[in-house]
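Values in this text are rule-based calculations from the coordinates and carry no lab data. No experiment lies behind these values; they were computed from the predicted model shown. All Cβ positions, glycine included, derive from the backbone under ideal geometry; neighbour counts span all protein chains shown.
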């Protein structure tokens with residue numbers, strides 16, 4: 001662990017990195033016109049005034065612009081990382097020094113530090129939480145359900161010092177939450193189904209202007225970028241195995257094919273598998289693909305998608321990485337038991353010896369696009385974070401009337417984000433004529 005700059009209101013690597021963080025954040029802001037317009041309105045209207053907001057997100061230049069917009073809206077913002085490898089230390093320094101935002105994030109932080117930073121975000125006593133993977137919401141619900149043994153030690157030791165009244169207030173004080181990822185939404189919907197969700201959650205990931213663009217174009221490009229930065233391998237002519245054909249898998253598969261790769265897709269959903277087949281990919285099982293692939297990428301949100309049985313039959317020199325939210329998609333625990341290693345080859349590349357062959361694991365099975373690269377381009381995160389900002393405002397306006405369930409942003413707000421994005425891109429579209437409006441509203445279409 002590197003030396004860090006730590007104060008009561010932040011824990012980052014080095015405040016002296018702030019100048020570079022400011023320059024890079026300003027560069028990203030140029031490609032985020034929708035969020036910029038929202039920030040300008042937030043500055044005038046202050047819809048989040050007096051609200052404490054704790055966010056567990058990837059601390060990148062794009063997130064920095066979201067945090068600044070939220071503060072412009074009046075929120076008192078605390079930010080921790082949603083992945084130990086996704087923090088950009090210069091950006092964290094910029095947010096602390098230039099905007100007074102409470103940041104608890106260091107790239108490469110160990111397990112205990114990661115959860116101590118989650119604790120710090122909870123200690124902010126949020127009115128609103130903002131998650132990328134549901135870590136804050138999950139911790140709050142462990143407190144609400146008195147399942148303290150399920151909390152990570154840094155969080156548990158802090159919670160145990162709170163009185164029963166303080167624990168109750170910590171949860172009851174939350175008006176609502178927002179969730180960024182497919183993985184987090186799945187967890188939250190399971191909680192709602194079991195009737196244990198303690199407050200309403202807005203599923204930002206369910207917005208069309210989020211998952212249709214962020215997941216497909218953002219993950220597609222940034223995953224490719226991360227693999228190339230980590231390995232400098234040639235995709236053309238390689239056999240690339242894509243595990244999962246959701247929006248993230250679709251995006252990466254198309255980018256890999258565009259680079260000249262032969263793409264195989266593995267799926268468990270017959271509808272998605274059929275779509276991949278008709279999109280021109282070869283669909284097969286992981287058991288078969290494991291023998292053929294050169295580069296393997298998991299994008300499923302599920303556990304142990306690539307297992308030891310698959311790694312044992314891979315080619316010498318096979319490369320494995322993950323672009324799903326949690327580092328559970330590759331069974332590294334069994335690899336560590338059966339294999340020899342790891343041996344550091346390049347930054348974010350580790351070699352394992354298994355049955356006389358070499359297996360290369362990238363970024364310890366964590367998000368390759370954020371660990372080895374910079375995550376999604378700002379232009380696509382513009383829409384995702386516009387959704388986050390509007391979701392926070394929606395929680396303030398409607399949180400008291402919403403049921404304790406998972407909700408999506410109203411469709412009209414989703415469409416407004418799309419309209420603003422098109423406007424910023426200089427694109428105009430047609431509108432319905434009065435005759436067309438009348439025709440579409442009529443049941444008698446023959447007249």
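Quick one: of the DSSP bridges fully inside the stretch 219-371, what percent are antiparallel, nearest 5?
Beta bridges within the stretch 219-371, antiparallel portion: roughly 30 percent.
The convex hull built on the alpha-carbon positions of the stretch 95-139 has an orientation-averaged projected area of 3.7 nm². When each of 27, 443, 352 is scored by the number of other beta-carbon atoms lying within 10 Å, the sequence from fewest to most is 443, 27, 352. What base-10 log of the normalised intensity I(q)/I(0) is obtained for the stretch 341-403 from the Debye formula, alpha carbons as equal point scatterers, at q = 0.20, 0.25 Å⁻¹? Each listed q maps to, in turn, -0.82, -0.98. Over all projection directions, the Cα-based convex hull of the stretch 244-293 averages an area of 3.2 nm².
The Rg/Rh ratio for the chain is 0.98, where Rg is the radius of gyration of the alpha carbons and Rh is the Kirkwood radius. Counting only DSSP beta bridges whose two residues both lie in the chain, roughly 25 percent are antiparallel. Along each principal axis, taking the top coordinate minus the bottom one, the Cα set of the stretch 80-227 gives 47, 38, 27 Å in descending order. Length, then width, then depth: along the principal axes, the Cα atoms of the stretch 192-272 run 50, 28, 21 Å. Summarising the strand pairing of the stretch 1-118, around 25 percent of its internal DSSP beta bridges are antiparallel. With the convex hull drawn over the C-alpha atoms of the stretch 219-371, the volume per residue is 89 Å³.
Scaling the Cα radius of gyration of the stretch 358-447 by the globular reference 2.2 N^0.38 Å produces a ratio of 1.73. So how far, in whole Å, is the C-alpha centre of the stretch 17-86 from the one of the stretch 104-141? When both Cα centres are located, 17 Å separates them.
Taking the chain as a Gaussian network, where each spring joins two C-alpha atoms under 10 Å apart, which residue of 382, 206, 334 fluctuates the most? Taking springs between Cα atoms under 10 Å, the residue moving most is 334.
For the stretch 152-229, report the translational diffusion coefficient in µm²/s to the nearest whole number, using Stokes-Einstein at 37 °C, 0.692 mPa s, and a Kirkwood Rh over Cα pairs. This corresponds to a translational diffusion coefficient of 214 µm²/s. Calculated on the Cα set of the stretch 295-355, radius of gyration then Dmax: 11.1, 29 Å. Give the separation of the Cα centroids, the stretch 246-283 to the stretch 379-447, in Å. Computed from Cα coordinates, the inter-centre distance equals 29 Å. Peptides 193-201, 388-396 ordered by packing proxy, namely the average of other Cβ atoms within 10 Å per residue, highest first: 388-396, 193-201. Rg of the Cα atoms in the stretch 35-118, relative to 2.2 N^0.38 Å, amounts to 1.08.
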